[in-house]
1. For the stretch B:247-269, what are the residues that are more than 20 Å from residue B:430 (Cα to Cα), within 11 Å of chain A (Cβ to nearest Cβ) and touching a residue at least 60 places away in the same chain (Cβ under 8 Å)?
2. Would you confirm whether or not the stretch B:95-111 contains a residue that is at positive phi and buried (at least 17 other Cβ atoms within 10 Å of the Cβ)?
3. Would you mind listing the strands (runs of 3 or more DSSP E) fully within the stretch B:1-83 where at least 1 residues are without any contact (Cβ under 8 Å) to a residue 40 or more places away in the chain?
4. Condition first: within 24 Å of residue A:257 (Cα to Cα), within 14 Å of chain B (Cβ to nearest Cβ), buried (at least 24 other Cβ atoms within 10 Å of the Cβ) and free of Cβ contacts under 8 Å to residues at least 24 places away in the same chain. Can you find one or more residues in the stretch A:82-102 that meet it?
5. Name the residues in the stretch A:14-43 that are free of Cβ contacts under 8 Å to residues at least 60 places away in the same chain and in contact with a helix residue (DSSP H, G or I) (Cβ under 8 Å, 6 or more places away or on another chain), would you?
6. Condition first: within 41 Å of the chain's Cα centre (by Cα), within 7 Å of another protein chain (Cβ to nearest Cβ) and either closer than 30 Å to residue A:115 by Cα or in a loop (DSSP other than H, G, I, E, B) (or both). Now tell me which residues in the stretch A:259-283 satisfy that.
7. Answer with yes or no whether residue A:152 is over 18 Å from the mean Cα position of the chain (by Cα) and either crowded, with 24+ Cβ neighbours inside 10 Å or outside any loop (DSSP other than H, G, I, E, B) (or both).
8. Which of the residues that make up the stretch A:191-213 are loosely packed, with under 15 Cβ neighbours inside 10 Å and in a loop (DSSP other than H, G, I, E, B)?
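The values are calculated or read from the model by the stated rules, or taken from the named source; none is laboratory data. Predicted model only: the values in this text are computed from it and were never measured. Positions of Cβ are generated from backbone atoms using ideal geometry, with glycine treated the same way; all protein chains shown enter the neighbour counts.
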């Protein structure tokens, strides 16, 4: 399919000013570029979890698996294992991937399976109307923590570095050009690619005034140096007032999980012969 | 006179009881016997008491018996814990280094020393002694060792010969034929059935008694061209499998009750998104961690009702290894054709027991195959065009945008809350249940055995059929068993039970879950015989329980 519209007729129900619009627009532009370069968009699959972010599966007119809360990553892994020709992009939320489905995120990085994970990190639960998430700052007052959270946020980039991710980046919905190059780089990367996207929640947690003065693009360094990457990743812990670096923190090439499976599916008759041969060994 | 012999092999965990049991079963196999082997072991790696009971007969057998004709004792516990199983003619072969008992003692340490063999080969001396006591010719022993002990068969045979020569034939087992069956476990039967049915990937997290299915498929992944994955937990297992299925693979997953608890959100997703998936659940004694290595049938209602919301599912509970093979292949086809979850409900007794499968009688399964998009018209994943199911296309298919969704969705797969569409799509999904029920008429969904006019009938499900069938024979009763539990074969079951004056359900749970299911379908069970200590019912135990109940 070529030159297609890429946007479905589904009514968009994100709030005005929602950061999800930026991510959808950016992803659409990346897809358009890919198609112009000769990629077949029928070979792209989008997998989402559940949350405001996940509506992107309804809105983008490409193959999609609108899964359940926290579980997009194992679904995406299965898709890649079944058909390595597919490019699998996983859009997940911060509550989705860092709370409910954290185990899957860590293991996907550990396996270096060749999928792209884009985290719509607005640091609040939007669709359930405003509770803290694993990346909300300490003291966040949400509906489940009216007196403020008692716990500190986790740093997802540091976690991904420790887990074995081979492409680790952070973008921001108000830096669209950079976001586009980070997402494109993630899709092109062979291996587990992770992009944490700082995203505005216009209704429940609008961080624009905190982010804008603090964000800056990462300077040049050897991106395969995990030591430097770790230092850069730790500069901001998702809680302090430190400067917030944006860009690609770390990248290395490594054998992927999926490329190590090479089984050719056998047809019925071959299977039956093999079964009979096996049974003979048990006589 | 019917030939029917039982052999007990016992020792402590780590003594190699499983492999000793397997060799004894092969010895009986090689003199023409149908066999079944029951393994019992505690949930630990070293120490504790392990035993195997191998039964051989001139007819197919699916269950062991209480009483044994031969004992191979690696330790004293084997004599003291099982004395109730011995009769006056029981032949005892034991390691005289550690056991003091009447019978045929041989010094395992002496046999090992004389052949300069490692301790792990000690069992061979006792197996040799058993073979001799049972009058099994040395050539047969030699052949079985060479076929089934690929590593160090020679030295094992020399050790076995030491045992063989020290014992005389006390109670010879008659050779009854030259035909040899394939000995496989219930889990292996399931695995081969899944492969027969088109399995492309198996995803599982270890949990007894399903783990040996994972181990078998992982070991033979290359041979059968399948991908085997052991991910981080059971939630990942089912979601990964759904991803594989969506992308055109033919996956199955396996677990026990505790793991299945974690899978239920994924099960409901499979129902809503109409993604084919085969799930093997092998029951153990519950609730919770329960008895990890013992059997039970207490997950029937859980399996029938797991997952939020309503969606059709196929549930089959094979009672024998042969059925396990056949129905696993059928389950693959049903899941693929009807785009529903298909659950194979087994238990520890079936999964881990070993049985004789006749390779020349592999079941012929009529496959329907998946219903695929032909490329005409715009593709809609959930098109409701009057056919049994919506046509499937897989991502990567040129011209098809394949959208699946856990939310209520329209025909294109996009989320909707429109009342009329929600109702229509619900009807579309539920319609598959009726079609599936109709298709089931071509299968043996209810198994009957024994006289039609028996006033008292036994009804059971799953592996307990072995005890039920034999007890029914002995007492002149009729035994009836639904193999398919969803869609429930109500009409056929009622026909099978026609004329019953007293209906007794036999189940390995504490509440009578089949009896409750039968009541739901208008069938009244008069008496329940329930067993819930983790040990499978044997024919003798059941006969006794039935007599207590006034049969």
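1. B:247, B:248, B:250, listed by residue number.
2. yes
3. B:4-13, B:47-57
4. Checked against the condition, which is being within 24 Å of residue A:257 (Cα to Cα), within 14 Å of chain B (Cβ to nearest Cβ), buried (at least 24 other Cβ atoms within 10 Å of the Cβ) and free of Cβ contacts under 8 Å to residues at least 24 places away in the same chain, the stretch A:82-102 yields at least one hit.
5. A:14, A:24, A:31, A:35, A:41
6. Across the stretch A:259-283, the qualifying residues are A:261, A:263, A:264, A:265, A:266.
7. no
8. A:212, A:213
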